[in-house]
1. Would you grab the residues whose amide H sits under 5 Å from the one on A38? Only those 5+ places off in sequence or on another chain, please, with H modelled 1.01 Å from N.
2. Hey, could you grab the Kirkwood Rh for the chain? Inverse mean 1/r over distinct alpha carbon pairs, Å, one decimal.
3. List the residues whose amide H sits under 5 Å from the amide H of D130, counting only those 5 or more places along or on another chain, with H placed 1.01 Å from N in the peptide plane.
4. Using the charge dipole of region 26-153 (Lys, Arg: +1 at Cβ; Asp, Glu: -1 at Cβ; taken about the Cα centre), state which of S33, I132, P105 has its Cα farthest towards the positive end.
5. Using the Karplus curve 6.51 cos²θ - 1.76 cosθ + 1.60 with θ = phi - 60°, what ³J(HN,Hα) values do you get for each residue of region 87-95, in whole Hz, with x for Gly and Pro?
6. For G26, list long-range residues whose amide hydrogen, built 1.01 Å from N in the peptide plane, is under 5 Å from its own amide hydrogen.
7. Would you please state which residues of region 117-153 a label at K106 would reach in this model, taking the label point 7 Å out along Cα→Cβ and a backbone N cut-off of under 19 Å?
8. Using the Cα centre of region 80-134 as the reference point, and only Cβ charges (+1 on K/R, -1 on D/E), how large is the resulting charge dipole? Debye, rounded to the nearest 20.
Amino acid sequence: MTFRSHMDTALQEARAAAARGEVPVGAVIIAPSGQIVARAGNRTRELSDPTAHAEMLAIRGACAALGSERLPGHDLYVTLEPCGMCASAIAAARIARLYFGAADPKSGGIAQGPRIFAHSQCHHVPELYDGIGATEAESLLKQFFAARRDVSE
């Protein structure tokens with residue numbers, strides 16, 4: 001089977017999130033067959049829900065579509081390094097492979113901060129691939145926050 005990145009789809013979700021005034025993060029869950037099972041962008045403001053991160057919404061959508069609380073064999077593409085909350089959900093869902101774009105030195109939970117997957121209490125660790133589409137993901141985030149700073153000044 002040939003590897004095919006789905007980061008472009010996650011980036012589409014991130015751009016849509018930015019257009020809604022949300023932090024531009026997008027996620028997509030891919031079935032072992034290679035088909036998209038769920039996709040989402042951040043909706044924390046829209047839903048007044050601090051857990052409505054792109055990863056959480058995509059995991060919820062995939063689990064609902066499959067009628068299962070776990071997603072073994074599935075891949076998750078996300079434009080930004082997941083936070084600790086999302087990393088914990090990724091482990092609980094038994095995601096097989098995690099591909100993420102931009103590193104998040106401030107709030108990341110995998111390569112920085114709490115490093116959720118490094119804890120002995122973490123019962124599942126996905127294969128990790130970082131830097132996929134990082135340049136565009138970083139650019140979206142920088143543009144989004146620069147525009148917010150310009151408005152508030």
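The values are calculated or read from the model by the stated rules, or taken from the named source; none is laboratory data. If you're wondering where the values come from, they're calculated on a predicted model, not measured in any experiment. Here the Cβ positions follow ideal geometry from the backbone for every residue, glycine too, while neighbour counts run over all protein chains shown. Just so you know, the surface numbers come from the protein's heavy atoms only, side chains and all, with ligands and any DNA or RNA stripped out. Shrake-Rupley method; radii C 1.70, N 1.55, O 1.52, S 1.80 Å.
1. I29
2. Kirkwood radius, the chain: 15.3 Å.
3. Residues meeting the criterion, in which the H sits 1.01 Å from N, are F100.
4. S33
5. Per residue, the Karplus-derived 3J(HN,Hα) values read 4, 5, 5, 4, 5, 4, 7, 6, 4 Hz.
6. Under 5 Å from the amide H of G26 lie the amide H atoms of A14, T79, L80, each far enough along the sequence or on another chain.
7. Counting only backbone N, you get 134-153.
8. 120
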